[in-house]
Amino acid sequence: MSPVRWVSTRGGGGEVSLAEALERGLAPDGGLYVPESIPRVDLQAIPAQAGFPRIAESVLAPYLAGTPWEPYLAELCAEALNFPVPLRPIPGGPQLLELFHGPTAAFKDAGARFLARTLARQPRADGRVRTVLVATSGDTGGAVASAFHGLAGFQVAVLFPARGVSPLQRRQLTCWGGNVRSFAVDGSFDDCQRLVKGALASTTSAQGPALVSANSISLGRLLPQIAFYAAASLWHRARTGRGLNVIVPTGNLGNGVAACYAREMGFPLESVDLASNANRPVPDFVSTGKWTPRPSVPTLANAMDVGAPSNGERLSRLYPDLARLRAVVSARAVSDDEIRAEIRAAYAEWGVAVCPHTATGLHFWRASGAREDTAVAATAHPAKFEEVLRPESVPITAPPALASLLQRPVSEEKLAADPTALEKILVSMS
Ligand SMILES: *Cc1c(COP(=O)(O)O)cnc(C)c1O
């Protein structure tokens, strides 16, 4: 297999290796790294009964070919993707692709765990401890902290808005200890993100702290998510002989782009439908072909409260004209009222408790004609959103992984929304 060539979505800067793309995050011209062309997969070579980690190997093989990680591919997939990803039929409803059986009960565990194990196996000359710096408005920070917790050679600094996360999310961000430090920033999520971006951009010298980014544009997070949709489509075809439509609850478009990549690699996927909450940049893009960033508005599906999806350029690069985009992708905005109604309906009709993000996908399914051969991605466990489900009288039980997290002691530090304050901390950690 010839190595995938990584180029910027904006066309500048030439080709780089996967290691360089991971190291840099953003391309020098401000674009995102994408494969110059999407590699095709040989479906015949995948064993008929393959489970999730084995399918992930086939998905990731062409992207890791010729890189330092090629010899570790099977281990990386077995260690990072070691939780079930069931494709569950709902009688009378769509199928649910449950992506929330990882340690922090949201799909971000897969990407965070794969990124952590990839970085841990990266050959490095200097042997310095690296600091993973991450800003979070909810699920990302917990998944990243969990993935790097106890991993030799790494420490983690999680920045979250002191007044912007739910009580359960806060516990998940602050319950780690050891090599993880959690900072409650006196400011908004945007302040946290600005601090992290500033620190990553300014510390390129060999003396400064060795910082690593784990944000949503990281290829280490995006690539393993392709396997979700590859696996679902293979399992569906084995059962029915038909291709699969997927509906993906969408915010920064990491999962949505991963589903499109799976389709373009040749997995038996038909349409990719993107469900948004009241933040409409993605539906507006699919109807006009233009990205119009605007400030995000808070909704019940808060992990999707995104006004300018960071993976937008990857979607436009994949489908450069509207006709091609619309041949595969459709999109729809779902209001908070529709989310609440769907949470009630899913429980009343099917006895299924869903999180508010998953509810946007189920609403999309109903509102677009309740098609057969469709799977809705269930992106978080409903128990993470008790405060939304309880008023709708939907009973929920926390899964064991989540319950045991809630037993751990918590600790957090305060941080001013000020670059100098963060720099002091990072220097003290290096
Ligand atoms: C992050 C997240 C999303 C949005 O995923 P993107 O890849 O950013 O589009 C949806 N649901 C949940 C529960 C999430 O944590």
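The values are calculated or read from the model by the stated rules, or taken from the named source; none is laboratory data. All figures in this text were calculated on a predicted structure; none of them were measured in a lab. For neighbour counting, all protein chains shown are included, and Cβ atoms are generated from backbone atoms with ideal geometry for every residue, glycine included. Only protein heavy atoms, including side chains, enter the accessible area calculation; ligands, DNA and RNA are left aside. Shrake-Rupley method; radii C 1.70, N 1.55, O 1.52, S 1.80 Å.
Taking 0.890 mPa s as the viscosity and 25 °C as the temperature, the Stokes-Einstein diffusion coefficient of region 340-430 based on its alpha-carbon Kirkwood radius rounds to 151 µm²/s. Using the rule -39500 (n - 2.57) for each DSSP H run of four or more residues, divided by the residues of the chain, the 222 nm mean residue ellipticity is -12000 deg cm²/dmol.
Its Cα gyration tensor gives region 125-164 an equivalent ellipsoid; the semi-axes, largest first and in whole Å, are 23, 10, 6.
According to the Cα gyration tensor, what semi-axes, each the square root of 5 times an eigenvalue, does the equivalent ellipsoid of region 1-150 have, listed from largest to smallest in whole Å? Don't skip to the answer; put the middle values down first.
On the way: eigenvalues 144, 92, 57 Å².
That gives 27, 21, 17 Å for the three semi-axes.
At 1.567 mPa s and 4 °C, plugging the Kirkwood radius over alpha-carbon pairs of the chain into Stokes-Einstein gives what diffusion coefficient in µm²/s? The diffusion coefficient I find is 60 µm²/s.
With the alpha-carbon atoms as the only input, what is the per residue convex hull volume for region 262-414 in Å³? Could you put the intermediate results ahead of the total?
Numbers: hull volume 25.4 nm³, N = 153.
Enclosed volume per residue, from the Cα hull, is 166 Å³.
When all protein chains stay in place and ligands, DNA and RNA are ignored, the 1.4 Å accessible-area order of THR292, THR140, THR360, largest first, is THR292, THR140, THR360. Pairs of alpha carbons in region 1-84 separated by more than 15 Å make up 62% of all such pairs. By a 1.4 Å probe calculation restricted to protein chains, HIS363 has an accessible surface near 30 Å², given to the nearest 10. Shape annotation for region 9-54: C-alpha extents along the principal axes are 43, 19, 13 Å, from largest to smallest.
For region 35-97, the equivalent ellipsoid derived from the Cα gyration tensor has semi-axes of 26, 15, 11 Å, listed largest first.
The accessible surface of the chain, taken with every protein chain in place and a 1.4 Å probe, is 52 percent carbon and sulfur.
Per residue, how large is the accessible surface of the chain? Use a 1.4 angstrom probe and give square angstrom. Working shown, then result.
Numbers: 17120 Å² over 430 residues.
Using a 1.4 Å probe on heavy atoms only, each residue of the chain averages 40 Å².
A cut-off under 12 angstrom between Cβ atoms defines the neighbours of ALA112, and their net charge, with Lys, Arg +1 and Asp, Glu -1, is +2.
Calculated FRET efficiency, ALA327 and THR240, Cβ-Cβ r, R0 25 Å, to nearest 0.05? E(calc), rounded to 0.05, equals 0.65.
For region 267-300, there are no residues whose amide N sits under 15 Å from a probe point set 7 Å from the Cα of ARG163 along the beta carbon direction.
For the cross-link pairs LYS197/LYS384; LYS290/LYS384; LYS197/LYS424, the ones whose C-alpha atoms lie over 24 Å apart are LYS197/LYS384; LYS290/LYS384.
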